[in-house]
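Worksheet: one structure, shown below.
The values are calculated or read from the model by the stated rules, or taken from the named source; none is laboratory data. Remember, predicted model here, so these are calculated numbers, not experimental data. Here the Cβ is made from the backbone with ideal geometry for all residues, glycine too, and neighbour counts use every protein chain on show. All accessible areas refer to the heavy atoms of the entire protein, side chains included, with ligands and DNA or RNA removed. Shrake-Rupley method; radii C 1.70, N 1.55, O 1.52, S 1.80 Å.
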Amino acid sequence: MNPRQLHLPDQTGTPLQLILCELANVSIDDLRMDARLGNDLGLSSMDRVELISRLEEEFRIDIDDAFIKEETTVSDLQSMIDERGTGQSDIIFRRWTRSAPCQWLRTMTEWILLHPLKWIFCDLRCIGLENLEDLKGPVLFVANHTSHVDALLLKTLPPKRLRRRICPATFKEYFDAEGQSLRVKIGKCFAWNISTILFNIFPFPQTSGFRRSMVYAGELVDDGWNVLLFPEGSRTDDGSLGEFREGVGMMAKILQIPLVPVAIDGGEKILKHGHAIPKRSIVKIAFGKPFLPPKGSFAEISTHVKGEIISLLKKMETLG
C-alpha cells in the first residue's frame with residue numbers, strides 16, 4: 001500500500017484538501033490553511049510537480065509551477081484555484097540563440113576563445129571519447145560540476161556533430177539579482193546575455209518552474225539539440241561530488257534519449273569557486289558509455305546516474 005494513501009479513505013473534504021492530504025500523508029485535521037508546502041507539509045520539489053499535475057487535472061486550470069514554491073501555503077493554492085490558475089513567470093527561453101547567425105558566432109568563439117583557453121589552462125587527461133564515435137544525437141550529457149571550466153571542456157571535446165549542438169541547462173537562480181546591488185545586477189545581466197548567446201544556455205530552476213524548462217528541453221531534443229545537465233545544481237568548493245537532484249531523473253525519464261555520463265576531476269584547481277583568475281592545472285575527464293534511462297522513480301534514476309559517474313571517477317584514478 002502506498003503510505004501516502006493511508007489517511008485518504010477515512011477523510012472527507014474539498015478536492016484540494018484531499019489531494020494535499022494524500023501527497024503529504026497528513027489528516028485533514030492537521031491541514032491548516034497557513035501550512036506551507038515545504039516546511040510544514042514536507043513536499044519536495046518533485047512532490048510539488050505532481051501536485052500541480054493533480055490540480056490541473058482536477059480543476060481544469062493551467063498553473064505555472066514557478067509560482068508553487070516551498071513557502072506557498074494551502075491558502076495560496078486555494079486562491080490560485082479560485083482565480084483559475086496563475087500568470088506567467090519570469091523564466092525566459094531565447095529560441096533565437098539556435099539561429100544560424102548565433103551558431104556561426106559560437107563556432108568562431110570555439111576556435112578563437114575556447115580552444116586556446118583549454119590549451120593554455122588545462123593539462124588535459126581524457127578517456128572515453130570512443131564511446132561517442134557512433135552517437136548521432138540528440139543525447140543527454142550528465143556531468144558532475146567542479147567549476148565553470150566544465151562547460152568549456154564539454155563544448156570542445158565531443159565530436160563536432162555533438163558539441164556544436166549542446167545546450168547547457170543552467171541554474172536559473174544563479175542569475176537572479178533581485179534585491180542585490182546595481183553592480184551585481186549589471187554583472188548578472190551581462191553574464192546572462194553573453195552565456196545565452198555564446199554558450200546557448202537555458203534556465204533550469206532548482207526551486208520551481210521545472211515543467212516549463214522540461215518542455216523547452218523536449219523542444220530542443222525534437223529540434224536535434226543535445227542537452228547538458230549538471231545534476232548537483234552548483235559547484236563544490238573542493239571538487240567533491242555533491243548530492244544529485246531528482247531533476248536529472250525527471251529529465252532523463254521524460255526525454256527518453258541516450259544518456260552519456262561524464263566525470264570531471266580537477267576543474268576546481270583551475271578556476272576555484274569565487275575566483276575570477278584561472279591558473280593552469282591537470283584536469284581529468286571521462287566519457288562513459290551511453291545508455292537509455294532505466295525504469296524507476298526520478299530518485300532511483302538519479303541515483304543510478306550518480307553511480308555511473310562515481311565509477312568513472314574511480315576509473316580516472318589510474319590516469320596519474
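So here's what we get for this one:
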{"item": "Kyte-Doolittle mean at least -0.5, axial Cα span of 15 Å or more - DSSP H helices of the chain", "result": "45-59, 182-198, 210-222, 298-316"}
{"item": "Rounded FRET efficiency, nearest 0.05, which uses the C-beta distance separating S240 from N131 and R0 of 30 Å", "result": "0.75"}
{"item": "Beta bridges per DSSP with both ends in the chain, % antiparallel, nearest 5", "result": "25 percent"}
{"item": "Surface per residue (accessible, 1.4 Å probe) for the chain, Å²", "result": "50 Å²"}
{"item": "Candidate values (1) 26.4; (2) 22.0; (3) 18.2, label of the one derived for mean projected area of the Cα convex hull in nm²", "result": "(3)"}
{"item": "Under 11 Å from the I254 label point (7 Å along Cα→beta-carbon), backbone N, region 26-65", "result": "49-50, 65"}
{"item": "Reach of K188 by Cα under 19 Å, taken over lysines that are not fewer than 8 positions away in the same chain", "result": "K172, K272"}
{"item": "For region 92-189: Kirkwood Rh in Å [reciprocal of mean 1/r, alpha carbons]", "result": "15.8 Å"}
{"item": "Gained length - S311 relative to W104, 0.36 nm times residue gap less alpha-carbon distance", "result": "70.9 nm"}
{"item": "Net charge over other residues, Cβ less than 12 angstrom from the Cβ of K289 (K, R count +1; D, E count -1)", "result": "-3"}
{"item": "Accessible-area composition of region 202-256, carbon plus sulfur, in percent [1.4 Å probe]", "result": "46 percent"}
{"item": "Per DSSP, loop GluC sites (Glu not before Pro) in region 171-271 with at most 12 further Cβ within 10 Å", "result": "E178, E243"}
{"item": "Within the accessible area of region 10-128 (1.4 Å probe), percent carbon and sulfur", "result": "52 percent"}
{"item": "Proximal lysines relative to K136, as straight alpha-carbon distance under 26 Å, when same-chain residues fewer than 8 apart are discounted", "result": "K118, K155, K160, K253, K284, K289, K295, K306, K315"}
